[in-house]
1. Just grab the label-to-label distance for Leu383 and Ser359, each label 7 Å out from Cα along the Cβ direction, in nm (one decimal).
2. Say R0 is 35 Å: what FRET efficiency, to the nearest 0.05, do Asp121 and Thr147 get from their beta-carbon distance?
3. Which helices, counted as full DSSP H runs in the chain, have an axial Cα extent of no less than 18 Å and a Kyte-Doolittle average of -1.0 or above?
4. If you take every DSSP beta bridge whose two residues both sit in the chain, what share of them, in percent to the nearest 5, is antiparallel?
5. Choose one of Gln40, Ile374, Ala297: the residue whose Cα lies farthest towards the positive end of the charge dipole of the chain (beta-carbon charges +1 Lys, Arg; -1 Asp, Glu; about the Cα centre).
6. What percentages make up the Cα-Cα pair-distance distribution of region 73-128 when the bins are 10 Å wide from 0?
7. I'd like the GluC sites (Glu not before Pro) in region 95-151 restricted to DSSP loop residues with at most 10 other Cβ atoms within 10 Å, sorted by number.
8. Which values of log₁₀ I(q)/I(0), to two decimal places, follow from the Debye formula for region 166-363 at q = 0.07, 0.16, 0.19 Å⁻¹ with a uniform point scatterer at every Cα?
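FYI, it's all coordinate maths here, none of it is from the lab. Computed from a predicted model, the values in this text were never measured in an experiment. Positions of Cβ are backbone-derived with ideal geometry, glycine not excepted, and every protein chain shown enters the neighbour counts.
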Amino acid sequence: MKKFFGTDGIRGVAGQFPLDRTTVFAIGLALGEEMRARGQQAVVIGEDTRESSRWIAATLVQALHRHHVRVEHAGVITTPGIAFLTSGAGIDAGVMISASHNPYQDNGIKIFDHSGYKLPDAEEAAIEQRLEQLLAAGLQAPEIDNTAVVVNHQLRERYLNYLLAAVDHAGFSRLRLVVDCGNGAASALAGDLFQRLGALAEVIHARPDGRNINLGCGALHVETLGEYVVKSGADAGLALDGDADRAILVDAHGHVINGDLIMLAAARELRAQGQLQPATVVGTVMSNLGLQVALSAAGISLERAPVGDKYVLERMLATGALLGGEQSGHVIFRGYATTGDGLLTGLKIFEIMARRGQSLAELVAGFRAFPQQIVNVKVKEKLPLETLPTVVAAIAAAERRFGDRGRVLVRYSGTEKLARVMVEGESEQAVAQEAQTIADALRASLGA
């Protein structure tokens, strides 16, 4: 098990291990060494709106300069923006400083390779090995030099132009939209983007102060957007998280359109246009059974990958699938992007609405979600689940009860000391009961 990298980079409380200054500096040194060993010379860095993002950026830049790596800094930009820029000419790697949907106290470091893909596990392990060596040798970080960070605003413009080129602008002027930036990275982009598209879009929660990222707004609190859409009479709303790699939509009635529903709408359209070859969508083990049923009715199969959009992408590449994503709103349009992109996702769905003249509710008609409950259990340690007899017994009992009309999934979070229990079935009461039984067994075995 990796010590530093989770399912989405290195994450923690800013200023505390593994995001204390010394470890951040060591991360930069390890990355720089790895790049120079591969003959790579340039990296692009971006950050979200957390108050800690700039000092983390400055520390990484100082470390990379030690190995004579050229750094292009895009300033405040989205994670998919960095993935896009990394795949451009003259850039060998990308670094995004963000803890995504976490509160402002947290931060993270996500690394992309020269193709714009998140690093494979083997490369993360190599960086971890060197990182541990540097820390064991008593490395000390230098004083922070904020002058090391020089923002190139043309990089953000390049990303905006890419988004604009990804959709047909016709019909956007007929849409009335609300975009909730979650006071995160999209705050620097969304207003300009939708204005250039000609859409009548009201952008909300786009005034970051370093501490209000994801605070009562954005993709984590989509009910706020739902109320706003209904009150304003808008056609739809788009909610983004802190680094805008995920999107949650709401229809004109304020109903939530999560990643499963977004993939359904997009898959149906791509299938109708003859552009879904193969006729496969990649979801995750968390994707609702209802998605599988609805896709099957449209002649589309559902493949499941482990949780984490990097694993979704790996499965997409293996199967040739062009569309995949997570229930949480990470949706990958592989013909356009190498990672989940909340702004692109919103644009592609709004494009379908404009092209077909249909509401968002109409685009997802026929979907029946199976009742699903997720219970998070704080744990002291992450022991292999198969070594916990009472947990194994509780899971087995639930699986016998549901048969092929339900699912049970228990896994550890990749970024937090949590065990996640997901239970799905036709009866809401049975789902709740089995989820609680398994959660109780986990608490008895590992509870914090």
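1. 5.3
2. On the way: r = 36 Å, r/R0 = 1.02.
Step by step, r from the Cβ atoms, then E = 0.45.
3. On the way: long enough: 21-37 (24 Å, 0.48); 53-66 (20 Å, 0.26); 121-136 (22 Å, -0.37); 153-165 (19 Å, -0.64); 259-272 (20 Å, 0.61); 342-356 (21 Å, 0.60); 389-402 (20 Å, 0.71); 428-446 (27 Å, 0.01).
Helices meeting the criterion: 21-37, 53-66, 121-136, 153-165, 259-272, 342-356, 389-402, 428-446.
4. Working: 36 of 63 bridges.
So the antiparallel bridges in the chain amount to around 55 percent.
5. The residue sitting most towards the positive pole is Ala297.
6. Percent of pairs per bin, in order: 25, 49, 25, 1.
7. Numbers: sites: Glu123, Glu124, Glu128, Glu132, Glu143; in loops: Glu143.
Passing both the DSSP loop test and the Cβ count: Glu143.
8. Scattering profile of region 166-363, log10 relative to I(0): -0.18, -0.96, -1.33.
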